[in-house]
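For reference, the structure is listed below as structure tokens.
The values are calculated or read from the model by the stated rules, or taken from the named source; none is laboratory data. Note that the coordinates shown come from a computational prediction; the quantities given were computed from them, not determined experimentally. Here the Cβ positions follow ideal geometry from the backbone for every residue, glycine too, while neighbour counts run over all protein chains shown.
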Amino acid sequence: MAASLRPAILRHIRLPVRPQGQPVLPSWLSSIRAMSGHGDDHLTREEVVDRVLDVVKSFPKVNPSKVTAEVHFQKDLGLDSLDVVEIVMALEEEFKLEIPDKEADKIDSCPLAIEYIANHPMAG
Amino acid sequence: MSLSTLGYLARRAAQKERVRILYRRALRDTLNWAVHRHLFYQDASDLRERFEANKHVEDLDTIDHLIADAEAQYEKWRHPDPYIVPWAPGGTKFTRNPPPPSGIEIVYDYGKEENE
């Protein structure tokens, strides 16, 4: 009796097949999670370099043709210390960062700025 | 290099750092007070002029006086509710929606299994 019932039942039962392991997200949910900002969307280094150079080049007192990824703000670009403060603040706004005063004061060249921003977990 | 020169240089370096940090805070505060970007540009250049006005002062004690005076002014006119980047302490997102601890899995479609 049970032996004949088993295939009859099995033929009528349908279970959804689902890959094991990763949960399936509805599309609207994944877009919300993307905005939750768990800090896992890191910038690539190339992108950081590009955007840092863009900010420095667009600074009014800077000659854009002189700007490379290795320049020192005061020695190579002829800026004074207050200009450097302004550039660092522009970088903070560009990457939505808040750099503590003492650390921001140490940033005086493109390589340092790129290094700091690329290693910052919240740079966006 | 004599000891007094070293002392002089050290004091100058400390003053320069104080001015840089003061300028940074004042500039940020100017942005906090400005309702619009185009208003901020004018305010920022006014602020810069006030710093530039005392650029060539040489006497150390006068410089200290000027810095202390400027810091007092900054404290007096600080914005009561400054902009803080969302993730920083005091920001709107600070400690909100933290990542789940490792080993805990979120079931995103909880309660919706039947509808598929």
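Residues of segment A:90-124 that are among the hydrophobic types (A, V, I, L, M, F, W, C) and without any contact (Cβ under 8 Å) to a residue 12 or more places away in the chain: A:Leu112 alone. Taking (1) more than 13 Å from chain A (Cβ to nearest Cβ); (2) in a helix (DSSP H, G or I) in turn, B:Leu22 satisfies each apart from (1). For segment B:27-52, the set of residues classified as aliphatic (A, V, I, L, M) and assigned to a helix (DSSP H, G or I) consists of B:Leu27, B:Leu31, B:Leu39, B:Ala44, B:Leu47, listed by residue number. In the set (1) at pLDDT below 85; (2) within 25 Å of B:His36 (Cβ to Cβ), the condition left unmet by B:Glu116 is number (2).
Is there a residue being within 24 Å of A:Asp83 (Cβ to Cβ), within 14 Å of chain A (Cβ to nearest Cβ) and touching a His at 6+ places or on another chain (Cβ under 6 Å) anywhere in segment B:29-46? Within segment B:29-46 (the criterion being within 24 Å of A:Asp83 (Cβ to Cβ), within 14 Å of chain A (Cβ to nearest Cβ) and touching a His at 6+ places or on another chain (Cβ under 6 Å)), the answer is yes, since at least one residue qualifies.
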